[in-house]
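Read-outs throughout are calculated quantities, based only on the coordinates presented, and are distinct from any laboratory measurement. Just so it is clear, the structure is predicted and the values come from calculations on it, not from any experiment. Virtual Cβ from ideal backbone geometry, glycine too; neighbours counted across all protein chains shown.
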Amino acid sequence: MAKQSIYQNEVDNLDQSKNFLKRDDYSQMELQLEFKKLVENYEELIDQVKIITKISDRLQKKLNKTNDALENSNVQLADLNNQLNNTIDQLTEAKIGRKASTIVLFIAIGLFVVSEVLLEPIIDDAFKDNAYVGLILKLVVAILIKPGEDFANKYMLKKARKAQMKEQEEKMIKEKDQSSKKKRRKII
Amino acid sequence: MDNLIIDGTRQTPEINFDSETGILKLEGRSIPENTFEFFTPVLNWLDEYANSAPGKTIAKINLEYFNTSSSKYILEILKKLKVLLNDGKEVLVEWYYEEDDEEMMETGEDYEDVSGLPFKIISFEEE
């Protein structure tokens, strides 16, 4: 373990000096040489620490900048995603609105035909004296067209949103399954 | 002497040290989980290279990002190149950085100051 250090040279130099101190038979000259070596190593170590700290701080700054840029991109992406979802919603609403109008129009035509062909003769027979009854009936049908359209629109929109949510849930479950499979593969 | 070729990964740089041409390429990202394990063969190769190095050595360093322990090993690599220079060999360090990467440019300048090696700091356009 001791050999697996990025500061192995420095540790070796320190050990050498410690071993020297354990001796008690060194001369003044040897002591001076050892001290000189220690000072040189210490000086080199300080230079290294200075430069490594400086570079490390600078690269940390670079990392922070990259993170900020990434965060901004994520925010922009989320905005675009929201805009896209809104547009899709609007398009779905418009599509469903058109469909509902068509359905209600056909129902109204059907009711008109039914009232003209089937109900009109019966009403004419039943209310011979009152010509307004048939007219009121037609008016009621005409008045009901708009709320009918709104009801059909709301119902179809609700159904479409439910289908959309179900689709999203299924998609999420599928993605979850895929990511857990990947994790399992990594562990294996 | 064999060349030293190590493929780059998402965490380790690509290394292509050619003992015949004297071109030593180091490029990519250096954030190994174990820097000691990654760089020890590189330093050992440079020790051997010092005995048979051609007249001119060009170190082409193009790093996108490196961690603190890698910065120590880059310093060690430069120290070994300094030994070559002191032995009378020609040594040039080409330090590449993306044109808007101010941090990497300044880092190259710092290494130039501390190593005492001739440096050429070269910017390149982002792909």
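Observations on the model:
- Of all complete DSSP H helices in chain A, those with a Cα span along the helix axis of 24 Å or greater and a mean Kyte-Doolittle hydropathy of -1.0 or more are A:28-114, A:132-187.
- Across all directions, the shadow cast by the convex hull of chain B built on its C-alpha atoms averages 7.3 square nanometres.
- Residues B:Met105, A:Met165, sorted so that the one with the fewest Cβ neighbours within 10 Å comes first: A:Met165, B:Met105
- Stokes-Einstein diffusion coefficient of the protein assembly as shown, Kirkwood radius over Cα pairs, 37 °C, 0.692 mPa s, in µm²/s: 119
- Residue with peak Gaussian network fluctuation, chain A [Cα springs, cutoff 10 Å], from A:Glu120, A:Glu170, A:Glu30: A:Glu30
- The A:Leu45 and A:Asn81 beta-carbon pair, evaluated with R₀ = 41 Å, returns a calculated FRET efficiency of approximately 0.20.
- Reach of A:Lys128 by Cα under 20 Å, taken over lysines that are not fewer than 8 positions away in the same chain: A:Lys138
- The chymotrypsin sites (Phe, Trp or Tyr not before Pro) of the stretch A:93-177 that DSSP puts in a loop, and whose beta carbon has at most 14 other beta carbons within 10 Å, are A:Phe127.
- Only one residue of B:Asn62, B:Ser52, A:Asn82 has its Cα farthest out toward the positive end of the dipole of the protein assembly as shown, where Lys and Arg carry +1 and Asp and Glu -1 on Cβ, and that residue is A:Asn82.
- Convex hull volume per residue, computed on the Cα atoms of the stretch A:59-145, equals 74 Å³.
- Taking 24 Å as the limit for the C-alpha separation, the pairs A:Lys37/B:Lys79; A:Lys95/A:Lys174; A:Lys61/B:Lys80; B:Lys25/B:Lys79 exceed it in the case of A:Lys95/A:Lys174; A:Lys61/B:Lys80.
- Residues whose placed amide H lies under 5 Å from that of B:Glu94, excluding near-sequence neighbours: B:Ala59, B:Lys60, B:Ile61, B:Lys120
- Cα centroid separation, the stretch B:66-114 to the stretch A:32-98 (Å): 23
- Reachable lysines from A:Lys176, criterion Cα separation under 25 angstrom, eight or more residues apart if same chain: A:Lys162, A:Lys166, A:Lys186
- Remark on B:Tyr65: its backbone amide H falls under 5 Å from those of B:Ser30, a criterion applied only to residues 5 or more positions apart or on other chains, H modelled at 1.01 Å from N.
- For the stretch B:1-86, trypsin sites (Lys or Arg not before Pro) meeting the loop criterion (DSSP other than H, G, I, E, B) and having at most 12 other Cβ atoms within 10 Å: B:Arg10.
- Shown in residue order for the stretch B:95-104 are the 3J(HN,Hα) couplings computed by the Karplus curve 6.51 cos²θ - 1.76 cosθ + 1.60 at θ = phi - 60°: 9, 9, 8, 5, 4, 9, 8, 4, 4, 5 Hz (x for Gly and Pro).
- Test item: B:28-41 mean partner chain Cβ contacts at 10 Å: 1
- FRET efficiency estimate (nearest 0.05) - Cβ-Cβ, B:Asn34 to B:Lys56, R0 35 angstrom: 0.60
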